[in-house]
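The next block holds one structure in the form of structure tokens; read it before the comments.
What follows draws every value from the coordinates through simple rules; no lab data is involved. Keep in mind the model is a prediction, meaning the values are calculated, not measured. As a convention, Cβ positions derive from the backbone with ideal geometry for all residues, glycine included, and neighbour counts pool all protein chains shown.
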Amino acid sequence: MISVTMTIAGSDSGGGAGIQADLKTFQELKTFGTSSITALTAQNTLGVQDVFPVEASFIVKQINAILEDFDVKAIKTGMLFSSTIIREVSNRLKDTKIPLIIDPVMIAKGGATLLQSDAIDAMIQDLFPIATIITPNIPEAEAISGIAIKSEDDLQLAAQKLLSFGPQVVILKGGHLSDESEAIDRVYFQDGTTLNFTAKRLPTKDTHGTGCTFSAAITAFIARGFSIEDAISEAKKYIHAAISHGLNLGHGHGPTNHFAYNDHVNKEMVSNG
Ligand SMILES: Nc1ncnc2c1ncn2[C@@H]1O[C@H](COP(=O)(O)OP(=O)(O)OP(=O)(O)O)[C@@H](O)[C@H]1O
Ligand SMILES: Cc1ncc(CO)c(N)n1
């Protein structure tokens, strides 16, 4: 039977990030995607024009509607916007035992605020202790850990600090470390194990929604029963293919190509998984 996935995130009217990226990824990875929308954004490849948050109680109503009807196998969160939303969502999820992947979305590529600055504490206190995986990029890891990341040693320190907040696994996405020819994602487990997932850095401006897509792909593979390590490895292939076969749409940071994994990478993995 097909596995059910859920995303709790904001809507991107431009279709490249947020709920839209998540549902496209869930679909391409052969899971049945459901969603609880936390905020509307008026957004395109050039930036975010406005944000309209949804009432926290209505976000929980959407989650209830899904969980009361479906056997959800994995959940991801994206844009959560406020401390009230974070508290209500974590309160609803804390006893579910469903694997939870948290993409701690804070700022859009154009600079718009997708998480109010006073909401970081709520994320640390309420959401990270119940997380299976958190997937910060470098600026997010810096804001959450309070450690400026300029070197490999800083990365280690920040990762240890993030692990101390309680998630089982921390993925530090290297997409934002400058002058590297490789896009390295470093994975840290509570038992001290670390793994690096490396791919060639692709020279493109069309990276709108890469973080959303990567965490949604991890969520889909976990829902289908992959181990955490295999889910990350395969999600890295999904996002790399999606960036390399860009669609050249819009006038700013264009969206990635969700068809690329099945068209160019996956030959039998999806039917076997
Ligand atoms: N130019 C690139 N070439 C190859 N891989 C990339 C590139 N940019 C990002 N990635 C990969 O895409 C994934 C998402 O990382 P990224 O750092 O872009 O997330 P993010 O900053 O959270 O994205 P967003 O701005 O959508 O929130 C990671 O696996 C990262 O290594
Ligand atoms: C709704 C939404 N969520 C996440 C991101 C981060 O890419 C974005 N730009 N918009």
*Go from 0 up to the bin containing the longest alpha carbon distance in region 4-272, width 5 Å each, and give me the % of pairs per bin.*
1, 6, 14, 19, 21, 19, 13, 6, 1, 0
_Mean Cβ count within 10 Å, highest first, over the residues of peptides 96-109, 187-200_ = 96-109, 187-200
*Percentage of Cα-Cα pair distances in region 1-139 greater than 21 Å, rounded to whole percent?*
37 percent
*Each residue of region 206-218 in turn: what ³J(HN,Hα) in whole Hz from Karplus with 6.51, -1.76, 1.60 and θ = phi - 60°, glycine and Pro shown as x?*
8, 10, 5, x, 5, x, 4, 5, 4, 5, 5, 5, 4
*Cα to Cα, under 26 Å, and not fewer than 8 places away if on the same chain: which lysines meet these conditions relative to K109?*
K24, K76, K150, K161, K173, K200, K205, K236, K237
